[in-house]
Amino acid sequence: MRECYYLEKACRRLGIHFVTLKRWIYSGKIRAVRTPTGGWMVPESEIKRIIGGREEVKDVRAIIYARISSSDQKSDLER
């Protein structure tokens, strides 16, 4: 039998948020198996396909959004 992971562990291995993984499952980007209790499990093969054979995703991704509401704050944005 192949190894499957509950969503919490799959999220850790993929380096993504739980909501992102659920969106991927519903959109078909990643295949998951429904358990008899209504949960989801992600096969090891799907995790490896997404991360490209690496053990785990180590990249830290961040998005920074900054805006100013007036030209007086423009110097604050440069800092």
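Residues that are touching an Asp or Glu at 6+ places or on another chain (Cβ under 9 Å), in a helix (DSSP H, G or I) and under 28 Å from residue 63 (Cα atoms) within segment 15-46 comprise just one, 18.
Candidates are the residues of segment 47-77 that are surrounded by 10 or more Cβ atoms within 10 Å (Cβ to Cβ) and hydrophobic (A, V, I, L, M, F, W, C); the one that is modelled with the lowest pLDDT is 57. Out of curiosity, is residue 12 touching a helix residue (DSSP H, G or I) at 6+ places or on another chain (Cβ under 9 Å) and either loosely packed, with under 13 Cβ neighbours inside 10 Å or in a helix (DSSP H, G or I) (or both)? No; evaluated as a whole, the condition is false for this residue. Looking across segment 28-46 at every residue that is under 14 Å from residue 12 (Cα atoms) and among the hydrophobic types (A, V, I, L, M, F, W, C), the one that is surrounded by the most Cβ atoms within 10 Å (Cβ to Cβ) is identified as 42.
The values are calculated or read from the model by the stated rules, or taken from the named source; none is laboratory data. Note that the structure is a prediction, hence the values are computed from the model and not measured. Here the Cβ is made from the backbone with ideal geometry for all residues, glycine too, and neighbour counts use every protein chain on show.
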